[in-house]
Amino acid sequence: MNGTTGTQVNTADGGGGGGGDPVGVQIQQSRRLPDFLQSVNLKYVKLGYHYLISHLLTLCLIPVMAVILVEVSQMNPDDIRQLWLHLQYNLVSIIICSAVLVFGSTVYIMTRPRPVYLVDYSCYKAPEHLKAPYERFMQHSRLTGDFDESSLEFQRKILERSGLGDETYVPEAMHQLPPQPSMQAAREEAEQVMFGALDKLFANTSVKPKKIGVLVVNCSLFNPTPSLSAMIVNKYKLRGNIRSFNLGGMGCSAGVIAVDLAKDMLQVHRNTYAVVVSTENITQNWYFGNKKSMLIPNCLFRVGGSAVLLSNKSMDRRRAKYKLVHAVRTHRGADDKAFRCVYQEQDDAGKTGVSLSKDLMAIAGGALKTNITTLGPLVLPISEQLLFFGSLIIKKIFNKHIKPYIPDFKLAFDHFCIHAGGRAVIDELEKNLQLTQVHVEASRMTLHRFGNTSSSSIWYELAYIEAKGRMKKGNKVWQIAFGSGFKCNSAVWQALRNVKPSPDGPWEDCIDRYPVKVVS
């Protein structure tokens, strides 16, 4: 047995008749110490190192404060009188120092970035009749007559491996036989999604639309005239001097871009609200051809959208859910392969769709590496930064084949909202960032329940975490999304309280059924 003292007991039954032989007992004791190299779990050493480095300043200040307190406690009335006289003779110096201190503090307060608060957000949930179960999806695809047998089989395999469940939604036009995509149908889809999310947001926050000073709308593939942002201004009769923006063609990571733009606007315009609406439009962007790389979006993208209310008002801190900590954007568009890896084009038959390159995962990995290299120093504890920097130096000096140390982002974040772009994306980030099943649960379940809702998916994931009751005061959440161009963007939020789900949330009627096991 392992331990400082090992005890072994052997008993032997006596043989033969009568009363039997006496029982023999043998006790052996081992005085060997345990093998600490084998028994010590290195993760606890790492946690101890992390705690030491993170609290190094505090640990250094404690002795200094103790010495000061001891010296002060030993001062008598004469010492205090002498100190006062010294200050009186140097009154001019004290006034100058005080003036400089006040001036410096004023400049700092006036020029520092204003905090941006997330008051609340809402996610659109489509009506039941728009659900597209697997069997119905395949049946409708066959009945359209646009797909050959090879394309139908390809779509079947993609759906089986996609991680999508049977409760995702497609727009009304796609439920018709034959499908009836039109400009009017696309407008109706946009109105249902955007207005549905905004109605819920305004109801939950009790904010009047006239109070909104900044409006940012992002939708990649549907950009009508008047714009989507103009549709919202018209519907809610927003004020005439509103700063409105309409972002198009920026892919699934445009939600973070929109938040970053709203943040910049809130730094300039005081005491106002900003609304960010993120959606995608499927009606006019369904692909009816047989090019394999352009069929994948049909199998993954589904109806969804979100509306987010941001504020720079200090009084909103008390009721806000989160504070925006960082927004980091990475653009790889200068590289030709990255630029074309998600590309809208026409196939040989003249049918329009979005083509996904076979290099997509490799390009996404490169964009992620760049993004977290920028984000890391902003969020990682100093212990992780020292370990990472040290490993790079060792690798450079001694052995180029040594693997660099991968920072543990679990020490920086409590929750992860990885864009539910597809099963492969979630799997790769789980592996490369060394996350656990719990960390990627929100992403997997969002993909299963709602599919890839493009730029709004990270908000469905945040709503999942809240619905599970996991968001506690002080928790940090990392939203990370990928998009055409090619882009990788991150937003970091900190919970200002124990966050409960808002009324009529997207998971309200089904959270008890999740998580579910996704078939491999």
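Here are the numbers for this structure:
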quantity	calculated
Pairs where the first residue, in segment 474-487, is on the phi > 0 side of the Ramachandran plot and the second is open to solvent by less than 10 Å² (accessible area, probe 1.4 Å) and at pLDDT 95 or above, C-beta under 7 Å, 6+ apart	GLY474/ALA495
Residues that are part of a loop (DSSP other than H, G, I, E, B), open to solvent by 10 Å² or more (accessible area, probe 1.4 Å) and closer than 16 Å to SER443 by Cα, drawn from segment 470-505	ARG470
Among the residues listed as MET75, MET138, the single one being within 19 Å of LYS292 (Cα to Cα) and among the aliphatic types (A, V, I, L, M)	MET138
Enumeration of residues in segment 213-241 that are of a type in the set (Val, Ile, Thr) and surrounded by 18 or more Cβ atoms within 10 Å (Cβ to Cβ)	VAL214, VAL216, VAL217, ILE232, VAL233
Filtered residues of segment 271-293 (kept if touching an Asp or Glu at 6+ places or on another chain (Cβ under 7 Å) and open to solvent by 30 Å² or more (accessible area, probe 1.4 Å))	PHE288, ASN290, LYS291
Subset of segment 306-316 (residues that are open to solvent by less than 10 Å² (accessible area, probe 1.4 Å) and either of a type in the set (D, E, K, R) or modelled with pLDDT under 95 (or both))	ASP316
Odd one out for GLU345, checked against (1) within 17 Å of GLY289 (Cα to Cα); (2) surrounded by 15 or more Cβ atoms within 10 Å (Cβ to Cβ); (3) not small (Gly, Ala, Ser)	(2)
Residues satisfying the stated conditions in segment 141-176, i.e. under 25 Å from the mean Cα position of the chain (by Cα), in a helix (DSSP H, G or I) and surrounded by 19 or more Cβ atoms within 10 Å (Cβ to Cβ)	SER162
Hey, CYS417 more than 23 Å from ILE511 (Cβ to Cβ) and touching an Asp or Glu at 6+ places or on another chain (Cβ under 9 Å) or not	no
Tally, over segment 274-290, of residues that are assigned to a strand (DSSP E or B) and within 12 Å of ASN223 (Cα to Cα)	1
Yes/no for VAL303 being touching a Phe, Trp or Tyr at 6+ places or on another chain (Cβ under 7 Å), at pLDDT 95 or above and of a type outside the set (D, E, K, R)	yes
Condition check for HIS331: crowded, with 16+ Cβ neighbours inside 10 Å, more than 19 Å from ILE296 (Cα to Cα) and in contact with a Gly (Cβ under 7 Å, 6 or more places away or on another chain)	yes
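The values are calculated or read from the model by the stated rules, or taken from the named source; none is laboratory data. Everything numeric here is computed off the predicted structure, so don't read it as measured data. Cβ: placed from backbone, ideal geometry, glycine included. Neighbour counts: every protein chain shown. Side chains included, ligands, DNA and RNA excluded: accessible areas come from the protein's heavy atoms. Shrake-Rupley method; radii C 1.70, N 1.55, O 1.52, S 1.80 Å.
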